[in-house]
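Engineer: Could you have a look at this structure, given as structure tokens, before my questions?
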Amino acid sequence: MKFHVNGEGFEATPAPGQCLRTLLRELGMFGVKKGCDAGDCGACTVHVDGNPVHSCLYPAIRAQGRHTTTIEGLANKHGLHPAQQSFIQAQGFQCGFCTAGMIMTAAALNQAQLAELPVALKGNLCRCTGYRAIADAIAGISHIKNGVACGTNVPAPASHGIVTGTERFTFDIEIDGLLHLKILRSPYAHAFITAIDTAAALAIPGVAAVLTYEDAPPHKFSTARHQDPADDRPDTLVLDRVIRFAGQRVAAVVAISEKIAEAGCNALKVTYEILPAVTDPHDALKPDAPRVHADLPSNISATIDSEIGDIKTAFAAATHIYEGTYHSQRIQHAHLETHGAVGWLDETGTLRIRSSTQTPFLTRDALATLFELPRDKIHIACGRVGGGFGGKQEMLVEDILVLAIIKTGKPVKYEMTRAEQFSASTSRHPMEVYVKLGADINGVLTGIELNVLSNTGAYANHAAGVLFHGCNESLTIYRCANKRVTARAVHTHTLPSGAFRGYGLSQTNFAIECAMDELAQQAGLNPFRIRRLNMIREGDPLISISDNPHDVEYGSYGLDQCLDLAEQALSATPMPVLPGWRIGRGIAMGMIDTIPPRGHFSTSIIHLTETGDYELEVGSAEFGNGTSTIHAQLAATALSTLPAHIKIQQANTERLEHDTGAFGSTGTVVAGLATERAARALASKILSLASEYFEVSLELCHLHSDHVTAGNLAIPLTEFFLVAKSHGHDLSGTGHVNGTPRSVAFNVQAFQVAVCPASGKISVLRNIHAADAGQVINPMQCRGQIEGGVAQALGAALFEQMLFDETGAVSNPSFRNYHIPAFADLPHTTVLFADTFDCLGPSGAKSMSESPFNPIAAALSNAIRDATGIRLTTTPFSADTVFSHFINE
Ligand code: FES
């Protein structure tokens, strides 16, 4: 067929049933993204004859004779399209994976549609932003400032690439002779593979290899990535004969196309011995329960049994006691770029992997151990990563990819489908949390007890870490002499749980913060009063679990300010009268240690270049966390220049020795601190060399944007570079950080809601989030992180839920059936910042990527309780659940 793309004529013969998206990507239009393959997410939106279409649903053959425009062709000779310009001005993106599709939709909106954005943007999902920055962009609101460095809304370095579709994500790369890998997954929750007949699959023309348990290395590993591999039990094989959840890998087929690889999977004949499965964590604790791992004495994967003070005496002496049990469900990260990687062997026999990961260095190390290769024979580099939220702190694809590369000697790509993302990656740990609070007559806490049952699923990845972290800070935020925690992470024959934004805190926070409101009711205190009475104050011990690492300090403290800000904003909101609706308010607060325990390492190196710009090497990845902007700002501040002069390279194991990774909200506080140290070291080096060369005292030497002054002399940096080089000096600075001591950050969430007894509908009328983020390096970006965290948590609190059928398989593995918030689902978030400066963080900053998620469910439950008297103890708070409480009224 003949057709036009971005004004250029093409001829192609689409494969039968091929969609326009795959054809466009084959033609190199990588701005057209694959997010779902089902017309649900809109990341693939293009214009056909001026009309926006989801190109994954649009048959390629229908493009015949038509004019297609992709994001790459939206700009014209006069410059960027206004929609592209607006997305830069408002920074209407975080990871940017949805942005091309979002802009293509926005660019086609007419006046009537612009007035109805919630409807007009129904077909475009964004998991990162909470949509406010997107609404700002479409409204033409500008936030960015190209000026001084820290404290201003500097635009992301990738802005232009994101809005033009030229920024390269993981799969936006052409590789000759690329093979494709597909995985056959188990329909059974518990089984033993007695045989796999591969003959029919291998006979299919184009199939290059079939991988089974016979091909897999014998070493067990954990998919979880932590600085210390011993944090997670090694219980996983690349391909295992024992199946422990429906969706687990059975075999893989590598072929010249995805279609042939799929056909190969369908041709495999697998014989299973089906075994009894246990899917409920309570059942898994029974002595006769089927064992998930035969080498464990029970299905318990991790435990905490800790007491500080004397809990029995504390409760015996209490005037007020509250007990309750709260349940949090499984939810999916739903980053728009699914898990995946592409890799090859270079001419030296070195493995080169391009992966969508938050932990390139730790993944390299794990692969080296697994395949018994020297570390320097594996290099991992990230393109831009399309979201992670903790999900990519796992090695879920690179292991099988490397096996396929070694087996075939060819370049191989493995990209999870959206269905696999739901049914075969990881999820948030579902938890049951029993909480008991005791208080004296004045409402002062005397004892807190937690009993947690966490369903870690089939494998132990993150089981212990999530359990510990989840219990720790939710308790530490309260000053109380007597605290008891018993907690268990239990294996079941279900999808593995894993790292998820908040790392266990959202589930425990839900229980404790709801319980505090119930205690307040008993004690006759309002929710703010009881928290102020009992919250930790600067100087209080930062310990709740007896074997907690003791390296947490008050680098700053802003919890009191957050409560004040939230209370003032809530009080200034009038209580409306809505006939047929009940109105209520609720709050919850949360705390997070700013860095994971037991070491989190980063190194940054910065060079002055001959152009007078600086090249910065950072180990941690950019996956929507905004680190590329923050690092440029921190380096520019230290070097008295503009962020535009900092050229940043991230997440490449070939360029730096080690980086623990972009997880635990460490992109600013650990990696950023390394960058700040590196830039300061370079600044000192430049000034001391200037003082030496030009024989001027050091105090009279200063750095400026493009020159250095030594007394009355002003030397352009380009010239200075040549002088220094001629003297044999290395113009670089290096910064190392080991992630200790750690500080604390706080969040307070407040809601005003309306609840309709006739329908069960909950409407959020006011949504206020106060954050103690230390010195905010980039207010626009930090606001975006908070809005995105609140949005994701509102989805989790209100409707998101992974469902399972009777076989233990995920029964809603698509965006259509697993509802993530769309534009229309979200209220405006008012973001307020406490005024603090952290003495441990870079330029006074603290982490603020995960923690906004944590207090949302509790604040919402508390607001609903205030409105209706009903205490919701299980998320999600669906309209049906709420309605069921009113049915007998
Ligand atoms: Fe929208 Fe990441 S910015 S999905």
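Engineer: With a 10 Å radius around each residue's Cβ, average the other Cβ atoms per peptide and rank 601-609, 528-536, highest first.
Structural biologist: Numbers: 601-609: 23.3, 528-536: 19.3.
Highest mean packing first, the order is 601-609, 528-536.
Engineer: Within 10 Å of each residue's Cβ, count the other Cβ atoms and sort VAL119, VAL242, VAL163 from fewest upward.
Structural biologist: Details: VAL119 12, VAL242 16, VAL163 29.
Result, fewest neighbours first: VAL119, VAL242, VAL163.
Engineer: If you average 1/r over every pair of different alpha-carbon atoms in segment 317-405 and take one over that average, what Kirkwood value in Å do you get?
Structural biologist: Numbers: mean 1/r = 0.0659 Å⁻¹.
Roughly 15.2 Å, rounded to one decimal.
Engineer: Near LEU840, within a Cβ-to-Cβ distance under 14 Å, what is the net charge of the other residues, with Lys and Arg +1 and Asp and Glu -1?
Structural biologist: Charge balance in the 14 Å sphere: -4.
Engineer: Under the √(5λ) rule applied to the eigenvalues of the Cα gyration tensor, what semi-axes describe the equivalent ellipsoid of segment 433-544? Give them in Å, descending.
Structural biologist: They are 29, 14, 11 Å, listed largest first.
Engineer: Hey, fewest Cβ within 10 Å first, where do ASP280, ASP560 land in order?
Structural biologist: ASP280, ASP560
Engineer: If you wrap a convex hull around the C-alpha atoms of the chain and split its volume per residue, what is the figure in Å³?
Structural biologist: Hull volume over Cα atoms, normalised by residue count, gives 175 Å³.
Engineer: How big is the Cα convex hull of segment 77-216 in projection, averaged over all directions, in nm²? Walk me through the numbers before you get to the answer.
Structural biologist: On the way: hull surface 62.5 nm².
Projected over every direction and averaged, the Cα hull of segment 77-216 covers 15.6 nm².
Engineer: What does the charge count around GLY324 come to, taking other residues whose C-beta lies under 13 Å from its C-beta (Lys +1, Arg +1, Asp -1, Glu -1)?
Structural biologist: So the environment of GLY324 carries a net charge of -3.
Engineer: Taking every alpha carbon pair in segment 252-409, what does the distance histogram look like in 5 angstrom bins from 0, in percent?
Structural biologist: Spelled out per bin, shortest first, that is 1, 6, 10, 11, 11, 14, 14, 11, 7, 5, 4, 3, 2, 1, 0.
Engineer: Ordered by packing density, taken as the mean number of other Cβ atoms within 10 Å over each peptide's residues, highest first, how do 679-692, 299-312, 648-661, 765-778 rank?
Structural biologist: Highest to lowest by the protection proxy: 765-778, 648-661, 679-692, 299-312.
Engineer: Compute for segment 618-664: radius of gyration divided by Kirkwood radius, i.e. Rg/Rh, restricted to C-alpha atoms, rounded to two decimals.
Structural biologist: 0.99
Engineer: Hull surface divided by four, with the convex hull built on the Cα atoms of segment 763-843: how many nm²?
Structural biologist: Projected over every direction and averaged, the Cα hull of segment 763-843 covers 7.8 nm².
Engineer: By per-residue mean of other Cβ atoms within 10 Å, what is the highest-first order of 782-795, 193-206?
Structural biologist: 782-795, 193-206
Engineer: What trypsin sites (Lys or Arg not before Pro) in segment 550-635 are in a loop by DSSP, with at most 16 other Cβ atoms within 10 Å of the Cβ? Each step should come with its number before you reach the end.
Structural biologist: Details: sites: ARG582, ARG585, ARG598; in loops: ARG598.
Listed in order of number, the matching sites are ARG598.
Engineer: While we're looking at this one, here's another question. Helix-only mean residue ellipticity at 222 nm, the chain, DSSP H runs n ≥ 4 weighted -39,500 (n - 2.57), per residue, nearest 500. What is it? Could the numbers behind the result be given before it?
Structural biologist: Working: 25 runs with 242 residues, N = 889.
Roughly -8000 deg cm²/dmol at 222 nm, from the helical runs in the chain.
Engineer: Counting other C-beta atoms within 10 Å, and keeping those with at most 15, which DSSP coil GluC sites (Glu not before Pro) do you find in segment 139-214? Please report the intermediate quantities before stating the final value.
Structural biologist: Details: sites: GLU167, GLU174, GLU214; in loops: GLU167, GLU174, GLU214.
The qualifying sites are GLU174, GLU214.
Engineer: May I pose another question? For segment 253-329, with the dipole built from +1 on Lys and Arg beta-carbon atoms and -1 on Asp and Glu ones, taken about the Cα centre, which of TYR326, ALA294, ASN266 lies farthest toward the positive end?
Structural biologist: Result: ASN266.
Engineer: As a test of understanding, state the convex hull volume per residue of segment 498-593 from its alpha carbons, in Å³.
Structural biologist: Spelled out: Cα convex hull of segment 498-593, divided by residues, is 159 Å³.
Engineer: Hey, got the dipole for the chain? About the Cα centre, +1 on K and R Cβ, -1 on D and E Cβ, debye to the nearest 20? Write out the running numbers ahead of the final one.
Structural biologist: Numbers: 66 positive and 86 negative charges, 320 e Å.
Dipole size: approximately 1540 debye.
Engineer: Could you compute the net charge surrounding ILE820? Neighbours are other residues with a C-beta less than 11 Å from the C-beta of ILE820; K and R count +1, D and E count -1.
Structural biologist: My count for the surroundings of ILE820 gives -1.
Engineer: Something else now. Expressed as a whole percent, how much of the Cα-Cα distance distribution for segment 545-658 exceeds 19 Å?
Structural biologist: Value for segment 545-658: 68 percent of Cα pairs lie more than 19 Å apart.
Engineer: Also: Counting other beta carbons within 10 Å of each residue's own, what order do GLU473, GLU806 fall into, fewest first? Before the final figure, lay out each step's value.
Structural biologist: Numbers: GLU473 27, GLU806 8.
Ordered from fewest to most neighbouring Cβ atoms within 10 Å, GLU473, GLU806 come out as GLU806, GLU473.
Engineer: Moving on. Round to a whole angstrom and tell me the spacing of the C-alpha centers of segment 825-889 and segment 199-227.
Structural biologist: So the separation of the two Cα centres works out to 43 Å.
Engineer: Same structure, new question: Please report, for the Cα atoms of segment 742-889, the Rg to one decimal and the Dmax as a whole number; what are they, in angstrom?
Structural biologist: For segment 742-889, the Cα-based Rg and Dmax read 17.5, 57 Å.
Engineer: Quick one: Cα centre-to-centre distance for segment 74-111 and segment 748-777, in angstrom?
Structural biologist: If we compute the Cα centre of each part, the gap is 29 Å.
Engineer: Counting C-alpha atoms alone, how compact is segment 207-280: give Rg to one decimal and Dmax as a whole number, in angstrom.
Structural biologist: Just the Cα atoms of segment 207-280 yield Rg and Dmax of 15.0, 41 Å.
Engineer: Moving to a separate point now. Give me the dipole magnitude in Debye, nearest 20, for segment 457-577 about the Cα centre, with unit charges on the beta carbon: positive for Lys and Arg, negative for Asp and Glu.
Structural biologist: Around 320 debye, computed over segment 457-577.
Engineer: Work out the length of the dipole vector of segment 142-225 about its Cα centre, built from +1 on the beta-carbon of each Lys and Arg and -1 on the beta-carbon of each Asp and Glu, and round it to the nearest 20 debye.
Structural biologist: Details: 6 positive and 7 negative charges, 90 e Å.
The calculated dipole for segment 142-225 is roughly 440 debye.
Engineer: Return the Cα extents of segment 385-496 along principal axes one, two and three, sorted largest first, each rounded to a whole Å.
Structural biologist: 71, 29, 23
Engineer: Using DSSP H assignments, which helices in the chain have an axial alpha-carbon span of 24 Å or above and a mean Kyte-Doolittle hydropathy of -1.0 or higher?
Structural biologist: Taking the DSSP H segments of the chain (at least 24 Å long, mean hydropathy at least -1.0), we get 505-523, 671-693, 779-798.
Engineer: Provide, in order from the shortest bin, the percent of all Cα-Cα pairs of segment 143-239 in each 10 Å bin, continuing until the bin that contains the maximum pair distance.
Structural biologist: 10, 21, 23, 22, 15, 8, 1
Since every read-out is calculated from the coordinates, none of them should be taken as a lab result. Here the structure is a predicted model, which is why all the values come from computation and not from measurement. Positions of Cβ are backbone-derived with ideal geometry, glycine not excepted, and every protein chain shown enters the neighbour counts.
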